[in-house]
1. In region 713-729, what residues are open to solvent by less than 10 Å² (accessible area, probe 1.4 Å) and not aliphatic (A, V, I, L, M)?
2. Using beta carbons and a limit of 6 Å, which pairs, at least six apart or on different chains, have the first residue in region 104-125 and without any contact (Cβ under 8 Å) to a residue 24 or more places away in the chain and the second one assigned to a helix (DSSP H, G or I)?
3. What strands (runs of 3 or more DSSP E), lying completely within region 639-709, carry at least 1 residues that are surrounded by 18 or more Cβ atoms within 10 Å (Cβ to Cβ) and not hydroxyl-bearing (Ser, Thr, Tyr)?
4. Mind checking whether some residue in region 255-269 is among the small types (Gly, Ala, Ser) and assigned to a strand (DSSP E or B)?
5. Could we say that Thr786 is in a strand (DSSP E or B), in contact (Cβ under 8 Å) with a residue 12 or more places away in the chain and among the polar types (S, T, N, Q) here?
6. Out of Glu418, Glu391, which single residue is within 27 Å of Tyr125 (Cβ to Cβ) and among the acidic types (Asp, Glu)?
7. What single numbered condition from (1) closer than 17 Å to Thr346 by Cα; (2) at pLDDT below 95 fails to hold for Leu277?
8. Please work out which residue is farthest from Val296 (Cα to Cα), limiting yourself to region 326-344 and to residues that are crowded, with 16+ Cβ neighbours inside 10 Å and either in contact with a Phe, Trp or Tyr (Cβ under 8 Å, 6 or more places away or on another chain) or among the acidic types (Asp, Glu) (or both).
Amino acid sequence: MKKILSFILLYTLALSGFAQTKDLNKQEKQYLDFLYQYMPLSDRADYDTSFFISQVKTAIMAKNTFSWGKIVPEEIFKHFVLVYRVNNENLDSAREVMFSMMKDRIKNMSMYDAALEVNHWCHEYVNYKGSDGRTSSPLATMKTSWGRCGEESTFAVTALRSVGIPARQCYTPRWAHTDDNHAWVEVWIEGKWYFLGACEPEPKLNVAWFTAPAKRAMMVHSTVFGKYNGNEETNYSQKLYSKINLLSNYAPTKKLNVKVVDEKGKAIKDANVSFGLYNYAEYYPLATIKTNSQGVASLTTGIGDLMIWAEKDNLYNQQQAFAKDKDITITIKKNALNEVTNKHFTLTPPIELPIETIDSALIKQNGRRIVYEDSIRNSYIATFPDSNKIEEFCNKVSMYDKKDVKDVIFRSCGNYKEIEKVLLSKEPFAMNMLKMVYDKDLRDVESSVLIDHLKTYNNSNKSSNPSEYILNPRIALEKITPWRSFLRKSFIKQEKDFTRDPQNIAKWINNNIKVNNSDNYYGVPISPKGILKIKQADKTSIEILFVAICRTFNIESRYEWATGRSQYRLNSRSAWQYAFKENKSQETNNCLLIVNNDIKNSIKPEYYSQFTIQKLENSYFKTLDYEYDPHFLSFPDSLYLSQGEYRIVAGNRYSSGKVEVNETYFSLKPNTTKTIQVTIPELTEKITTIGKINLNQTKQVFNENKQVNIQSLSNNKPMVVAVIDPYKEPSRHLLVDISKSKDDFDKQATTIVFVLDKSLVNDDFSLNTFPPLPKNTIFVLDENKTIEKQIIKATNLNFLNNYPILTLINNDEDIVYLSQGYRISSQEEILKTIKRLK
């Protein structure tokens, strides 16, 4: 350990004052030094020393409180207990709060049992629900009572670390067999790492709904704060952090070696090799690795297909790596794809593998706990304002439309008091602002922040019709901070200069702020105030700063999602201009691209589902990001883009996970119009009969005193029959996914039958805990597992208690779709199969 504080810590403490650290003992100073030595720019800029001191003190307190604190090695403690950050979440005092709430509950448990119990505690407060890409702080997630998997795992890792149990967040950045990703948790118990589903408690560790999908993964990794010397394989390492490869903990692996050569066959050193996995209609880079002196880059990955991209010094090329390949050679050259118009690939994921089962008695016992924990969380949710309370509040703010008030209060969930304060402030345009920000902002923003924005705006702008590109405090996916008043005070002398020509804002930023993309490694946007404090930031944060300064001085400005760049315009009739001129071709979007839907497509293509548009930049195809931009809701659609080389990647998946991919290459010339169509590849494999089942059987409807004949429910249409275990997360996830596609199932008038094992259902089981499902949904009780046994026998299914069993049955009672265990987005596979049956 170092005897003196690092220079970084000394410098930071000099800014904030030594008074906060004068009472720290030697161990506390060493730990504080460790945090400052490796922390990302965002944390140095936006949090003060007292926050990190509190983190250190609470971590040491946990270490001294619990028996396992004595056996955790120092290296493990520093990287996986002491570290305050899990991923890209906003930070808060969750460690202190959680330690206080849980210490007595787990103090006398074994380390193994304590880890399980912490996850039960997490489930009492947080459940799964999808949301946008910004990660809320743990306490904000707790206040809302739900979060996406990245927020659930951040919450659970924070909870485990708060009681001294080493934990890390694990990601499969993209699945190979379906278009999605997932995050979960690993815990260190007495010398060994185990996995668990965050906020999804099971009777044992190393048991989760994703156990089977993870066996088909092509990458599982974790970001480690600081210089870590563990036994895990490292995908990437730099001075502040590393990404470690954990795939071998979950799936069969191979070492894939890619050799990069030029046209003469000479090996190329330091070429960038991207190991791309098809997902969301793009080749997501699982890792990008530089070649060694022999021209070889190696990655431990799964037994499935990848798309390899290699480039150096304007030389590049692409090549498919098949599951069987261990060594491939790729030749890079100038303009390698310029003469290519169309390409087609078939990409195959790893095969499904069996998983081990656990005792049914443990499952049932755990199920009872889950129901009880649901009731705790639902009791909290019941404290959110109901329609009567919202109606009462509407009377206090009668200047606003009741429908708008009800909408923002309802969407604010547990943060409703903060949103009420904003409305009660009666600041002009308060409702305008609340309708502009994202749902997640309503759930975690502080009222003081929005009121600060409103006051500053109203003091400087007399417009009766505020522009979203000025009033909106939300710019990209950053945490909303009170930047408007701060920036107005900071740049009051430059106001005339900035408003005369917004390019002067870009010039000021270029002259005063250093671009540092490597050191803000978690990708958390730095606040405008934080950037001005440390005088450096990553590119995205700088783009956000430009927009914030523009809006502060009433200049219309936006963050363009497609390119990740900031733009401004002088009035609503003028064209958008880029703030930072990277090269002449990017100064303006003067190329018109008209995108059509190929009439041969059986479904309307959706962006990031069936297709993406990508531009060749710096010898790499970058996907234009339209996730938060309302394009392609209908066809044809028009885009104004800069000149250059582009391609459309369009894909279509089979239920097995295999995907057919079309690539269409094209160029855009200055001041021209080009029309292109999206062609979704046809699925050439025919739908086959997997088995036949007799549905002419009568079952009791759950929670109703009546019987129903299953066969009579189909309405002469394909019918979904799913055997579920409602106490386990895989089945619960299926219900959430089907709820997401409720409108699509209703349009198809599809009947969905959920089959419950009658012996498994407890008296406290309720459908009220499930999300809204399609209107033709019914739950039936199956005595002696009759339907389950018929499906298994008819399909020769090697069933290992891996619920749910999901089937699609046509009018002839043929089973034409079958899966077991949770398969992400399986409802989309079902809908696709229904359309193919027509």
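1. Asp725, Pro726, Tyr727, Glu729
2. Pairs that qualify, where the first residue is without any contact (Cβ under 8 Å) to a residue 24 or more places away in the chain and the partner is assigned to a helix (DSSP H, G or I), are Glu117/Ile106.
3. Numbers: elements: 644-653, 659-668, 673-678, 698-701, 707-709.
The qualifying strands (runs of 3 or more DSSP E) are 644-653, 659-668, 673-678, 698-701.
4. Here is the first cut: in region 255-269, the residues among the small types (Gly, Ala, Ser) are 265, 267.
With the extra rule that they be assigned to a strand (DSSP E or B), the set shrinks to 267.
The answer is yes; a qualifying residue exists.
5. Taking the combined requirement at face value, the residue does not satisfy it.
6. Values: Glu391 fails: within 27 Å of Tyr125 (Cβ to Cβ).
Answer to the selection: Glu418.
7. (2)
8. Leu337
The values are calculated or read from the model by the stated rules, or taken from the named source; none is laboratory data. Everything numeric here is computed off the predicted structure, so don't read it as measured data. Note: ideal-geometry Cβ built from the backbone for every residue, glycine included; neighbour counts use all protein chains shown. These area figures cover heavy atoms from the full protein model, side chains too; ligands, DNA and RNA do not enter into them. Shrake-Rupley method; radii C 1.70, N 1.55, O 1.52, S 1.80 Å.
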